[in-house]
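**Student:** Handing you this structure, nothing more for now.
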């Protein structure tokens, strides 16, 4: 998924599935690894010491809740990413469910990269003694989404590939950012206000 994401997702949708991890377990495995790494860092070094994520999802209490319920938080953005993939890349080739599978793979790989970011942040902290803000992982996410779409779209015969790649990357990351900054805090306030 990092080197040839287009081949993986198109093979999976075409039915060549035996050599690939199923998309739902793929994303769940990487979310679990990412959360486990964050948990280990928090227990070993303290909260927000190695990675400063205290206001990534809004206020500190909201971010703590969002990080501990990351699977549910990310579940909201997957249908949007699937829709953007269908619109910008696979309008006549894939149905929405197939586009949803692609979104699961892409987001699972983003979680893999987040796990790598945690390890790099730990190395940086070990050398400098300074924390790394979680927001510094965002360019990596944007770059990967653009790369994944570019690698996938080259397998399709569509016009305006650069515009489609940019449109997908901007909308996919933009939706996540709006959800992260406004939707998640509002949802958590509603959930915690109801309990």
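**Student:** When the residues of region 11-27 are filtered to those that are in contact (Cβ under 8 Å) with a residue 60 or more places away in the chain and closer than 17 Å to residue 155 by Cβ, which remaining residue is surrounded by the most Cβ atoms within 10 Å (Cβ to Cβ)?
**Tutor:** Among them, the one singled out is 12.
**Student:** Of everything in region 180-195, what is closer than 19 Å to residue 140 by Cβ and surrounded by 19 or more Cβ atoms within 10 Å (Cβ to Cβ)? Give them in sequence order.
**Tutor:** 180
**Student:** Which one of the conditions (1) surrounded by 15 or more Cβ atoms within 10 Å (Cβ to Cβ); (2) touching a helix residue (DSSP H, G or I) at 6+ places or on another chain (Cβ under 7 Å); (3) modelled with pLDDT of 90 or more does residue 96 fail to meet, given that it meets all the rest?
**Tutor:** (1)
**Student:** Just to check your reading of the model, which residue among 86, 92 is outside any helix (DSSP H, G or I) and either farther than 22 Å from residue 146 by Cβ or free of Cβ contacts under 8 Å to residues at least 24 places away in the same chain (or both)?
**Tutor:** Going through 86, 92 in turn, the sole match is 92.
**Student:** Could you say which residue among 117, 57, 106, 65 is within 15 Å of residue 37 (Cα to Cα) and either under 15 Å from the mean Cα position of the chain (by Cα) or in contact (Cβ under 8 Å) with a residue 40 or more places away in the chain (or both)?
**Tutor:** Result: 117 is the single residue among 117, 57, 106, 65 that is within 15 Å of residue 37 (Cα to Cα) and either under 15 Å from the mean Cα position of the chain (by Cα) or in contact (Cβ under 8 Å) with a residue 40 or more places away in the chain (or both).
**Student:** Do you know which residues across region 125-141 are over 13 Å from residue 51 (Cα atoms) and crowded, with 17+ Cβ neighbours inside 10 Å?
**Tutor:** Of everything in region 125-141, just one residue is over 13 Å from residue 51 (Cα atoms) and crowded, with 17+ Cβ neighbours inside 10 Å, namely 141.
Quick grid of which residues meet (1) within 21 Å of residue 172 (Cβ to Cβ); (2) modelled with pLDDT under 90; (3) assigned to a loop (DSSP other than H, G, I, E, B):
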site: 12; (1), (2), (3): yes, yes, no
site: 34; (1), (2), (3): yes, no, no
site: 44; (1), (2), (3): no, no, no
site: 47; (1), (2), (3): no, yes, yes
site: 73; (1), (2), (3): yes, yes, no
site: 106; (1), (2), (3): yes, no, no
site: 111; (1), (2), (3): yes, no, no
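The values are calculated or read from the model by the stated rules, or taken from the named source; none is laboratory data. Quantities reported herein were computed from a predicted structural model and do not represent experimental measurements. When we count neighbours, we look across all protein chains shown, and the Cβ atoms used for this are built from the backbone with ideal geometry, even at glycine.
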